[in-house]
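First up is the structure itself, then whatever we jot down about it.
The values are calculated or read from the model by the stated rules, or taken from the named source; none is laboratory data. None of the values given here were measured: they were computed from a predicted structure. Note: ideal-geometry Cβ built from the backbone for every residue, glycine included; neighbour counts use all protein chains shown.
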Amino acid sequence: MKAFPILAAIFSLGMATAAVAQSVSQDAPQSPLIEVVGPAHLGAEAPPLAMGSDIESRNVLVAGFSLGAAYDTRGLYNSKTNKFSGDERYFVQPSVAFQRTFSEGAWTLSYTPGFSYSPNDVDNNQYTQNFAGDIVWKPNSRVQVHARQDYSLTDNPFETVGRVDLLPGLGGPLGPNYNGIIPDTRRTSVVSNLDVSYAVAEHSAIGFTGGFQKYDYSSTQTATSSISYENSEVINGSVFYSHQFLRELTAGVQVAYSDYYSTGLDTSRTQAPAPMLFVKLLPNQSTEITLYGGGQYARTSERFAVSSVTIAEPLQTNWYPTFGGTVAWSHRRQAFDATADERISNGGGVLAAVRSINAGGGYRVRLAQRLLAEARVNYGDEKALGSYSKGDYLRSVWAGGGPVIDINRSWSVRGDVAYVHQEEFGLGQVAGNHLLVQGSLDFRFKKNLGE
């Protein structure tokens, strides 16, 4: 599957949503996701699937918790049969987040822990710690600094780093990409991002970005410890120039450099500079479209044992296309987003650096005053770049969604159904199909903190 058709579909969807939005009343509130922070450039955050009626994220304290139960058709590992079977879990997940503005910017802190219990395996409890901090600082009218730090420690195979209140998810051409569902792992993720921009003229800006990502994986079941996980570190940076030609059109050039380190059965390093062009379209106040494209020069060096006395150190170089796009549309009672990209990235714990194709989309709609529905789909195709794992791949298709019923301003009931289909080569029992059914009772509290 190639991403060219995906990008064409994304652009078509963007034009369709733009056309729909033209019929929306002019007094419809502008979505928070359309409010651009700083000059346009390629970054490490995904567009939030936010409606105009969502909680305003300025000077607020948001707190709450979820209590529920879930059933995963592949959630329990049996060491005697070396197979997975169904498992039910009971969970609690509290959360708290602060957002404050000040005269020169704003800061956000968000924390979401979690715990789940399986009555079928008392030694396989799952814990989650998700934390994020974000600050935007504008010392004057020309300079802006934006920094964000994310941390996640989890045993839950469905958890992702950066999933916290009041902040958009991580993603984009310089951020983490969608990875498969890896069972029986404890994963520690650290993601740091910084970008600085300077307005050289009224409609032109220059800037740079920097990022660091660290992923550590370990087995939570001694019987599956024979699986070799690829711990990895990613260092990236870029410089950009952007110019706003029209209110609806901004274009620019961005030159990025990424360095991928992986340690597992082999040790590898992939260096990938990537010059790219990008364009950002704002057809109306509710729609945002970003497209980018360029090339990546991948230089992959490895070191692994061929035998007890022989160490191989192959070197591979190649040019690859890199491109992607996003569409985000938001209205008072609906929101839609779609993303797709083809690029080099880390292998998500089971592969070293990979050539990945990713695509996804989401839709939220308020069907009635107290009824909300959500749906999301993701596709990932990761193929190993190096010689040691040449031919290995992991493909994942994930689709899910469900209703949310508001009981009152603070309480709601939520239902979710998700299906994950995974295919692999060379990765053993990592891949497998999951059907997840989940229900929860959610409490959410919001307090305005004043200007």
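Filtering A106, A46, A50 for residues that are at pLDDT 90 or above, small (G, A, S) and in contact with a strand residue (DSSP E or B) (Cβ under 7 Å, 6 or more places away or on another chain) leaves a single hit, A106. Among the residues of the range 317-337, how many are within 30 Å of K383 (Cβ to Cβ) and either surrounded by 15 or more Cβ atoms within 10 Å (Cβ to Cβ) or of a type in the set (K, R) (or both)? Of the residues in that region, 10 qualify. Taken together, S197, S238, S204, S192 contain a single residue that is touching a residue at least 40 places away in the same chain (Cβ under 8 Å), in contact with a strand residue (DSSP E or B) (Cβ under 8 Å, 6 or more places away or on another chain) and under 30 Å from D155 (Cβ atoms), which is S192.
Answer yes or no as to whether H203 is touching a His at 6+ places or on another chain (Cβ under 8 Å), surrounded by fewer than 16 Cβ atoms within 10 Å (Cβ to Cβ) and either more than 17 Å from G43 (Cβ to Cβ) or among the β-branched types (V, I, T) (or both). The answer is yes for H203. Residue count for the range 291-313, restricted to those that are in contact with a Ser or Thr (Cβ under 9 Å, 6 or more places away or on another chain), without any contact (Cβ under 8 Å) to a residue 60 or more places away in the chain and not in a loop (DSSP other than H, G, I, E, B): 8. Output the residues belonging to the range 150-179 that are among the acidic types (D, E) and either in contact with a helix residue (DSSP H, G or I) (Cβ under 6 Å, 6 or more places away or on another chain) or within 15 Å of Y217 (Cα to Cα) (or both). If the condition is that a residue be among the acidic types (D, E) and either in contact with a helix residue (DSSP H, G or I) (Cβ under 6 Å, 6 or more places away or on another chain) or within 15 Å of Y217 (Cα to Cα) (or both), then D155, E159 are the ones that fit.
A residue that is under 25 Å from N177 (Cβ atoms), assigned to a loop (DSSP other than H, G, I, E, B) and either in contact with a His (Cβ under 6 Å, 6 or more places away or on another chain) or modelled with pLDDT under 95 (or both) occurs somewhere in the range 343-355.
Residues checked against (1) under 14 Å from T287 (Cβ atoms); (2) modelled with pLDDT of 75 or more:
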site: Q30; (1), (2): yes, no
site: V36; (1), (2): yes, no
site: L42; (1), (2): no, yes
site: I55; (1), (2): no, no
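Scoring I405 on the criteria (1) touching a Ser or Thr at 6+ places or on another chain (Cβ under 7 Å); (2) modelled with pLDDT of 90 or more; (3) not in a strand (DSSP E or B) leaves a single failure, condition (3).
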